[in-house]
Amino acid sequence: MQQTVQEFERQIAKYFGSPYAVATDCCTHAIELCLQYKKVKQISVPRHSYLSIPMTAIKIGIDYHWRYEEWEDEFEVASGIWDSAVLWRENSYRTGEFQCLSFQFRKHLNLNRGGMILCNTLEDYTVLSAMAIDGRLPDKPWKEQNISIVGYRYYMTPETAQLGLDKLPDAIATTPQKGSWQDYPDISKLDVFNG
């Protein structure tokens, strides 16, 4: 079953041109894993974006500030960590960075739920993969492991990965809609961020 997830990771990495890709249950959790992994203390959020990123900052206890940016397809949350939830473009990986993708039901590759972290090194892949599945390594029963990484249970199910493999050729063959700051209201004005 885990082989299905790993094959989907390989196919997404190949399409985007990244050395590795880590499957997660959603893009927001992919970003959270990157923030935790890199021990980020503060993020910057475009005023016109989705509300889960500043909510994640509140949840994990890091500072955030607002900025005005007319972004398209993706934006940087912290140094080297990108919210690429609406990005769908071949060979668009930013070398050495973490780009977090979404497969939510409104995205070009619609799996109803799911995310992916594009990353550069085997170490990044190994640690982020373990973080996504309770701190354990995927190819060995957890009872036989000396777990040393805090995990978050943010893994992608094999069923979701199989759906991704099934739908991927169609997603590659079709032109995606562009996403941008204009698709979102100014979330900095919401009461939840001004209480």
Pick from region 133-152, criterion surrounded by fewer than 12 Cβ atoms within 10 Å (Cβ to Cβ) and in contact with a helix residue (DSSP H, G or I) (Cβ under 8 Å, 6 or more places away or on another chain), ranking: modelled with the lowest pLDDT: Asp139
Go through the residues of region 45-61 one by one and say whether even a single one is closer than 21 Å to Val150 by Cβ, surrounded by fewer than 15 Cβ atoms within 10 Å (Cβ to Cβ) and not hydrophobic (A, V, I, L, M, F, W, C). yes
Do any strands (runs of 3 or more DSSP E) entirely within region 1-72 hold 2 or more residues that are closer than 21 Å to His108 by Cβ and of a type outside the set (Ser, Thr, Tyr), and if so, which? 20-24
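What is the residue count in region 160-195 for residues that are closer than 12 Å to His48 by Cα, hydrophobic (A, V, I, L, M, F, W, C) and touching a strand residue (DSSP E or B) at 6+ places or on another chain (Cβ under 9 Å)? Write out each step before concluding.
Pass one, region 160-195, residues closer than 12 Å to His48 by Cα: 179-190.
Cutting the leftovers down to hydrophobic (A, V, I, L, M, F, W, C) gives us 181, 187, 190.
Right, trim to touching a strand residue (DSSP E or B) at 6+ places or on another chain (Cβ under 9 Å) and you get 181, 187.
Of the residues in region 160-195, 2 are closer than 12 Å to His48 by Cα, hydrophobic (A, V, I, L, M, F, W, C) and touching a strand residue (DSSP E or B) at 6+ places or on another chain (Cβ under 9 Å).
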Subset of region 60-81 (residues that are closer than 19 Å to Arg94 by Cβ and either free of Cβ contacts under 8 Å to residues at least 12 places away in the same chain or of a type in the set (Gly, Ala, Ser) (or both)): Ala78, Ser79, Gly80
Verdict on Val86 being in a loop (DSSP other than H, G, I, E, B) and not polar (S, T, N, Q): yes
Quick check: anything in region 121-135 of a type outside the set (Asp, Glu) and in contact with a His (Cβ under 7 Å, 6 or more places away or on another chain)? no
Among the residues that make up region 160-180, is at least one of them in contact with a Phe, Trp or Tyr (Cβ under 8 Å, 6 or more places away or on another chain), in contact (Cβ under 8 Å) with a residue 12 or more places away in the chain, surrounded by 15 or more Cβ atoms within 10 Å (Cβ to Cβ) and assigned to a loop (DSSP other than H, G, I, E, B)? no
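What's the total number of residues in region 13-46 that are among the hydrophobic types (A, V, I, L, M, F, W, C) and farther than 30 Å from Pro185 by Cβ? Quick ask: steps written out before the conclusion?
Narrowing region 13-46 to residues among the hydrophobic types (A, V, I, L, M, F, W, C): 13, 16, 21-23, 26-27, 30-31, 33-35, 40, 43, 45.
Then keep just the ones that are farther than 30 Å from Pro185 by Cβ; that gives 13, 21-23.
Qualifying residue count for the region: 4.
Determine whether Ala130 is out of contact with any Leu (no Cβ under 8 Å at 6 or more places or on another chain) and either part of a strand (DSSP E or B) or crowded, with 18+ Cβ neighbours inside 10 Å (or both). So that I can check it myself, show each step before the final result.
On the way: out of contact with any Leu (no Cβ under 8 Å at 6 or more places or on another chain): no; either part of a strand (DSSP E or B) or crowded, with 18+ Cβ neighbours inside 10 Å (or both): yes.
When the stated conditions are applied, Ala130 does not pass them.
Table: residues versus (1) closer than 22 Å to Trp181 by Cβ; (2) surrounded by 15 or more Cβ atoms within 10 Å (Cβ to Cβ); (3) touching a helix residue (DSSP H, G or I) at 6+ places or on another chain (Cβ under 9 Å).
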residue	(1), (2), (3)
Val5	no, yes, yes
Gln11	no, yes, yes
Tyr20	no, yes, yes
Gln36	no, yes, yes
His65	yes, no, no
Gly96	no, no, no
Give the residues of region 8-42 that are more than 14 Å from Leu118 (Cα to Cα), out of contact with any Ser or Thr (no Cβ under 9 Å at 6 or more places or on another chain) and of a type in the set (D, E, K, R), sorted by residue number. Lys39, Lys41
Residue match in region 21-31 (condition: more than 19 Å from Leu163 (Cβ to Cβ) and at pLDDT 95 or above): yes
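The values are calculated or read from the model by the stated rules, or taken from the named source; none is laboratory data. Everything numeric in this text was worked out from a predicted model, so none of it was measured. Note that each Cβ is placed from the backbone with ideal geometry, even for glycine, and that neighbours are counted across all protein chains shown.
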